[in-house]
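Chemist: Here's a structure for you.
Since every read-out is calculated from the coordinates, none of them should be taken as a lab result. Being a predicted model, the structure only gives us computed values, none of them experimental. Glycine also receives a Cβ, built like all others from the backbone with ideal geometry; neighbour counts cover every protein chain displayed.
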Amino acid sequence: MSADFTAAKWRKSSRSNSEQDCVEVAQASAAIGIRDSKSPQSGHLAIDRSAFEDLLTRVKAGCLGF
């Protein structure tokens, strides 16, 4: 999926701190971007909004083993 995140406002999880592996998310017109908050220059993953909603639902339900 291709989306332009050049002007996107990246948000870090409120649970982030310097000792944890955390992510940042941003919205673009066609997708949601996900990137590593400790290495934002390494790029991002872009997924469509419905896939992001499904991911959040599964994470919150404990279905992914985190």
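Chemist: Before rounding to the nearest 500, sum -39500 (n - 2.57) across all DSSP H runs of length at least 4 in the chain and divide by the residue total; then give [θ] at 222 nm in deg cm²/dmol.
Modeler: Details: 1 runs with 12 residues, N = 66.
Rounded to the nearest 500, the figure is -5500 deg cm²/dmol.
Chemist: Continuing with the same structure: Over region 11-60, what is the relative contact order in percent, taking alpha-carbon pairs closer than 8 angstrom and at least six residues apart?
Modeler: Values: 57 pairs, mean separation 12.4, N = 50.
The normalised contact order for region 11-60 reaches 25 percent.
Chemist: Further question: Contour minus end-to-end for R49 and A30, with contour as 0.36 nm per residue of separation and end-to-end as the Cα-Cα distance? All intermediate terms of the calculation are to be shown ahead of the outcome.
Modeler: Working: separation 19, 0.36 × 19 = 6.84 nm, distance 0.77 nm.
Here the answer is 6.1 nm.
Chemist: Compute the distribution of all C-alpha to C-alpha distances in region 11-60, in bins of 5 Å from 0, and list the percent of pairs in each, rounded to whole numbers.
Modeler: For region 11-60, the pair-distance distribution reads 5, 21, 26, 26, 17, 5, 0.
Chemist: Still on this structure, please answer the following. Figure the gain on full extension for Q41 and T6 (residue separation times 0.36 nm, minus the Cα-Cα span) and round it to one decimal in nm. Don't skip to the answer; put the middle values down first.
Modeler: On the way: separation 35, 0.36 × 35 = 12.60 nm, distance 1.22 nm.
Here the answer is 11.4 nm.
Chemist: Another question, then. Once Lys and Arg get +1 and Asp and Glu get -1 on their Cβ, which of A31, G62, G43 lies farthest toward the positive end of the dipole of the chain?
Modeler: Result: G62.
Chemist: Now for a separate question. Could you compute the FRET efficiency for V59 and S18, with r as their C-beta to C-beta distance and R0 at 25 Å, rounded to 0.05? Walk me through the intermediate numbers first.
Modeler: Numbers: r = 22 Å, r/R0 = 0.87.
My answer for the efficiency is 0.70.
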